[in-house]
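Let me begin by presenting the structure, written as structure tokens, before commenting on it.
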4 protein chains.
Amino acid sequence: MLEAVDDLLVDVGYAAMTMKGIAERAGVGRQTVYRWWATKAEILLEACAEDVREELVAPRVGEAREDLLGYLVVLDRFLVESPAGLAFRALLGEAQHDPAVRALVRDADLLALAARDVLVRVRPSAPAMPDLPLAAVQLIGPVVTQVLATGEGLPRDLLATHAATLLRAWQP
Amino acid sequence: MLEAVDDLLVDVGYAAMTMKGIAERAGVGRQTVYRWWATKAEILLEACAEDVREELVAPRVGEAREDLLGYLVVLDRFLVESPAGLAFRALLGEAQHDPAVRALVRDADLLALAARDVLVRVRPSAPAMPDLPLAAVQLIGPVVTQVLATGEGLPRDLLATHAATLLRAWQP
Amino acid sequence: MLEAVDDLLVDVGYAAMTMKGIAERAGVGRQTVYRWWATKAEILLEACAEDVREELVAPRVGEAREDLLGYLVVLDRFLVESPAGLAFRALLGEAQHDPAVRALVRDADLLALAARDVLVRVRPSAPAMPDLPLAAVQLIGPVVTQVLATGEGLPRDLLATHAATLLRAWQP
Amino acid sequence: MLEAVDDLLVDVGYAAMTMKGIAERAGVGRQTVYRWWATKAEILLEACAEDVREELVAPRVGEAREDLLGYLVVLDRFLVESPAGLAFRALLGEAQHDPAVRALVRDADLLALAARDVLVRVRPSAPAMPDLPLAAVQLIGPVVTQVLATGEGLPRDLLATHAATLLRAWQP
DNA sequence: CGCTAATCGAGACGGTACGTCAAGTCTTATT
DNA sequence: AATAAGACTTGACGTACCGTCTCGATTAGCG
């Protein structure tokens with residue numbers, strides 16, 4: 001059923017994705033969909049949550065600059081290309097329209113989760129790094145904003161510059 | 001008519017805002033709305049574009065750190081509290097669902113516009129600042145991402161930390 | 001639902017009868033109306049078809065002149081007074097504007113049906129009666145034309161004269 | 001302007017004929033149309049009234065049977081083929097929907113007018129002919145009914161039979 | 001092993017917004 | 001002053017999707 005959601009998202013886009021369509025694509029009665037998820041947003045969240053945890057992992061290089069860059073690249077590709085990334089953006093979009101979805105997204109906190117890992121690894125080399133919540137948005141914010149506003153990511157060299165910028169700022 | 005849009009956005013939210021509702025609130029025929037704007041997104045864009053230019057201006061302090069912080073505070077308040085900010089977020093949200101809206105938002109480029117001013121003013125004190133497109137998302141990305149993901153802004157001290165972080169990183 | 005159509009036709013007239021109105025009067029969704037009838041004409045046809053078969057029956061007197069007159073009186077009253085008759089006239093009217101309705105009306109052939117019965121019964125007393133299609137319009141045409149053109153029927157004595165005229169003409 | 005109405009009726013049919021369309025076709029402002037005719041029906045009536053008087057004239061043969069048949073043939077062709085005939089049928093159709101149009105049509109009394117001439121000429125050969133109003137509908141009713149109900153007229157031999165039938169009936 | 005009961009797909013239902021169309025009124029600029 | 005052009009409010013059109021609600025058919029567990 002979640003596959004049906006993923007398929008539909010890629011095939012017809014979020015705007016044209018309907019509960020009726022999901023049910024039909026999954027070969028399932030409409031009532032059955034409603035039995036498990038109250039809203040389209042909940043289905044989307046579940047449909048992408050696991051994928052996020054699988055796809056959004058930075059390669060563990062061991063060197064701070066490479067670790068950050070690696071994560072940024074993965075994040076950029078995820079948001080721009082991955083179906084799960086599309087789902088996530090759709091969700092974030094819906095959150096701007098609907099407070100219930102906003103709560104859902106905030107609680108899931110998908111993006112920060114992955115950033116946390118890499119930041120913890122990098123912290124020893126960046127003693128002046130602020131607390132995690134701020135550091136996380138400093139790291140990912142530029143990429144997220146760029147993708148949401150333009151639909152395209154940042155080129156790799158800008159990502160590298162961004163990683164370098166942060167590392168320099170986080171030195172004492 | 002654009003007032004009706006603003007009012008409705010505040011009163012009922014984006015999700016419940018309909019072309020029908022806009023027309024009725026404005027005391028206008030539905031056809032008349034369609035005559036001037038093809039989509040809800042175009043109305044929203046026009047409804048908030050001017051407000052953005054009015055509201056989203058950093059106080060000109062003259063000192064780099066204060067300039068950046070001033071802008072960040074204004075941006076944060078704009079996104080969280082201003083009706084025009086709500087409209088902008090709704091628009092950015094719709095852009096995730098609909099490529100046509102994405103193009104609209106990208107072309108309007110509302111956020112970067114204001115950031116550009118403050119960055120140009122600050123540049124002399126921050127010689128290592130990257131080119132504007134990247135610098136702009138480095139500046140505003142964290143705030144934008146935080147607001148979109150949680151609906152709430154960053155507290156003032158974190159904004160200050162962020163400004164300081166960037167300034168330090170942009171030193172040679 | 002067909003009752004709602006009949007009611008509306010009598011209450012507001014054909015011109016002011018809308019699909020929306022029918023749905024509301026019947027306490028039914030608009031889509032439900034469209035699910036069963038593609039056009040207003042189809043609803044009308046169904047709304048009056050059965051009534052026609054019930055109302056448009058000549059009393060079986062047994063005497064040729066009385067049989068014809070009886071039928072003419074019934075037809076005249078049906079067209080002028082009965083809700084089903086109004087529906088039929090509305091339908092015939094719409095048929096002049098819309099070829100699809102014309103086909104519908106032609107195929108239903110509601111008027112001739114009833115006339116056929118009485119003509120078959122009368123034929124033994126009227127050996128020179130032409131073939132049924134012509135005889136039928138000779139019988140009913142004057143009444144139909146009169147009602148359509150004026151909205152009022154023919155007085156009983158003229159109907160009697162007409163019956164007598166036809167019977168005389170159909171003698172060898 | 002009336003030409004525009006005639007043209008439109010033939011080109012797009014009554015159902016698709018709009019006031020806007022008439023005005024544009026005539027190269028005239030919409031308000032100007034409304035200044036002279038309050039309703040579509042009034043325009044139609046005026047557009048066909050004169051044509052009726054020109055087209056709906058029986059050839060004056062001098063022999064009763066031929067006179068009647070001639071008129072029936074002309075009437076049949078008029079109703080089935082002539083643009084003015086189409087307009088007249090559209091008008092008669094609208095009259096079933098709208099009492100105002102019904103009054104208009106009744107007062108114009110277009111059909112009977114022509115029938116009256118021929119009946120007056122034939123009366124000397126048909127002493128038992130009823131009063132004009134009935135005789136007129138006896139003559140034209142079958143043709144009118146046939147055309148309205150099926151869109152097609154009666155073949156010439158049936159028209160001849162009908163004329164003969166009436167003449168026989170109208171003998172003493 | 002047969003019967004009840006739950007669950008399922010399918011899809012009809014009452015609603016409501018969509019974007020379009022024509023109605024009839026009004027304003028404006030031209031002639 | 002009368003016109004064409006066309007913007008205006010209104011309201012029906014037919015469509016799409018919503019979330020709820022029946023339906024039989026299919027299982028599944030229990031007697």
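The values are calculated or read from the model by the stated rules, or taken from the named source; none is laboratory data. If you're wondering where the values come from, they're calculated on a predicted model, not measured in any experiment. Using ideal geometry, Cβ is built from the backbone for each residue, glycine included, and neighbour counts are taken over all protein chains shown. Note: areas computed on protein heavy atoms with side chains; ligands, DNA, RNA excluded. Shrake-Rupley method; radii C 1.70, N 1.55, O 1.52, S 1.80 Å.
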Theoretical FRET efficiency, 1/(1+(r/R0)^6), r = Cβ-Cβ of B:Val120 and C:Arg156, R0 60 Å, to 0.05: 0.05
Taking the label point as lying 7 angstrom from Cα along the Cα-to-Cβ axis, what are the distances from C:Pro124 to the corresponding position in the remaining copies, in ascending order and in nanometres? 4.4, 11.8, 12.1
Run through the other copies and list how far each one's label point is from that of A:Arg60, in nm with one decimal, shortest first; the point sits 7 Å from Cα along Cα-Cβ. 5.3, 9.8, 11.5
Dipole in debye (nearest 20) - the range B:49-169, about Cα centre, beta carbon charges: Lys, Arg +1; Asp, Glu -1: 400
Sites matching GluC sites (Glu not before Pro) across the range D:32-64 that sit in DSSP coil, with at most 15 neighbouring C-beta atoms within 10 Å: D:Glu63
The range C:138-161 versus the range D:110-131: alpha-carbon centroid distance in Å: 17
Averaged over peptide C:71-78, how many Cβ atoms belonging to another chain are found within 10 Å of each residue's Cβ? 0
Put the label 7 Å from Cα along Cα→Cβ for C:Ala103; what are its distances to the other copies, in nanometres, shortest first? 3.8, 4.1, 5.6
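Assuming R0 = 45 Å, can you tell me the calculated FRET efficiency for the pair B:Arg53 and A:Ala164, based on Cβ-Cβ distance, to the nearest 0.05? Display every interim value, and only then the final one.
On the way: r = 33 Å, r/R0 = 0.74.
My answer for the efficiency is 0.85.
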Within the range C:1-72: Cβ-based charge dipole about Cα centre, in debye rounded to nearest 20 (Lys, Arg +1; Asp, Glu -1): 420
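Hey, got the average number of other protein chain Cβ atoms within 10 angstrom for residues in B:130-137? Each step should come with its number before you reach the end.
Values: counts 5, 2, 0, 5, 10, 4, 3, 12.
Average neighbour count from other chains, rounded to a whole number: 5.
For peptide C:32-42, compute the average count of partner chain beta-carbon atoms within 10 Å of each residue's beta-carbon.
What the average comes to for C:32-42 is 0.
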So what is the orientation-averaged projected area of the range B:122-162, using the convex hull of its C-alpha atoms, in nm²? 3.3
Whole-percent pair-distance distribution, where bins are 5 Å wide, for the alpha carbons of the range D:1-92: 3, 14, 23, 19, 14, 10, 7, 5, 3, 2, 0
What quantity of accessible surface, computed with a 1.4 Å probe and excluding non-protein components, is buried in total between chains A and B, in Å² to the nearest 100? 3100
For the pairs B:Lys20/C:Lys20; B:Lys20/B:Lys40; B:Lys40/C:Lys20, flag any whose C-alpha to C-alpha distance is greater than 21 Å. B:Lys40/C:Lys20
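Starting from the residue with the highest accessible area, list B:Val101, A:Val80 in decreasing order, probe 1.4 Å.
Largest accessible area first, the list is A:Val80, B:Val101.
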Stokes-Einstein diffusion coefficient of the protein assembly as shown, Kirkwood radius over Cα pairs, 10 °C, 1.306 mPa s, in µm²/s: 50
Accessible area of the range C:13-150 divided out per residue, in Å², using a probe of 1.4 angstrom: 42
Sequence-separation-based contact order of chain B, relative, with Cα cut under 8 Å and 6+ spacing, percent: 22
Beyond 23 Å, the calculated P(r) of the range C:40-169 holds a percent of Cα-Cα pairs equal to 29
Given the protein chains as shown and a 1.4 Å probe, how many square angstrom of A:Thr161 are accessible, to the nearest 10? 50
Any idea of D:Leu9's accessible area? Nearest 10 Å², probe 1.4 Å. 10
Quick note, the range C:69-142: a/c under 1.5 would make it rounded; otherwise a/b > b/c is prolate and the rest oblate (a ≥ b ≥ c, C-alpha gyration tensor); here it is oblate
